[in-house]
Every structure is written in structure tokens, then in C-alpha cells.
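Let me begin by presenting the structure, written as C-alpha cells, before commenting on it.
The values are calculated or read from the model by the stated rules, or taken from the named source; none is laboratory data. This one's a predicted model, so the numbers in the text were calculated from it and none came from an experiment. Note: ideal-geometry Cβ built from the backbone for every residue, glycine included; neighbour counts use all protein chains shown. Quick note on the areas: whole protein, heavy atoms, side chains included, nothing else; ligands and nucleic acids left out. Shrake-Rupley method; radii C 1.70, N 1.55, O 1.52, S 1.80 Å.
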Amino acid sequence: MSQYKFPRQKDKKGGWTIDIKFLKRVESVMEQNGFAPTWEGIELVLLALEKLEGGGNV
């Protein structure tokens, strides 16, 4: 079972699963480090992380 669980968007407003405010925070950090993410891309990665067995530990 994964140890990751990210905040959810209430009622999936706007079609989002992950909370929009959280996506904006992740986007900001990524941009500060030279990346140009999309919210869609960020959400896909976060949802995948939640499904990793063992929380991503190798």
C-alpha cells in the first residue's frame, strides 16, 4: 500500500481529482526549478505515486 495520499478537490470541481490549490503549489515549486509543468501532468504523476506499492521505496 502506498504511503502517499494527496488532498482531493471537493466534488471533483472542474474535473480535478487533486485539490487545485495543491496543484498550484506543486506547479510553483517546479517552475522555480526550471520546469514548465501542466496541471494535468502534475495530477497524473501524483495519482500514479498514490498507487505505488511501498510508497515508492526501492
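Descriptive notes on the structure:
- In segment 7-24, the residue that is farthest from residue 39 (Cα to Cα) out of those that are under 10 Å from the mean Cα position of the chain (by Cα) and assigned to a helix (DSSP H, G or I) is 22.
- Residue within segment 4-11 that is touching a residue at least 40 places away in the same chain (Cβ under 8 Å) and open to solvent by 40 Å² or more (accessible area, probe 1.4 Å) present: yes
- Top-ranked residue of segment 20-39 - restricted to ones that are surrounded by 11 or more Cβ atoms within 10 Å (Cβ to Cβ) and among the charged types (D, E, K, R), ranked as farthest from residue 5 (Cα to Cα): 31
- Within segment 47-58, residues that are closer than 21 Å to residue 23 by Cβ and at pLDDT 70 or above reach partners that are assigned to a helix (DSSP H, G or I) and open to solvent by less than 50 Å² (accessible area, probe 1.4 Å) with beta carbons closer than 9 Å, at six or more positions or on different chains, in the pairs 49/55; 49/56.
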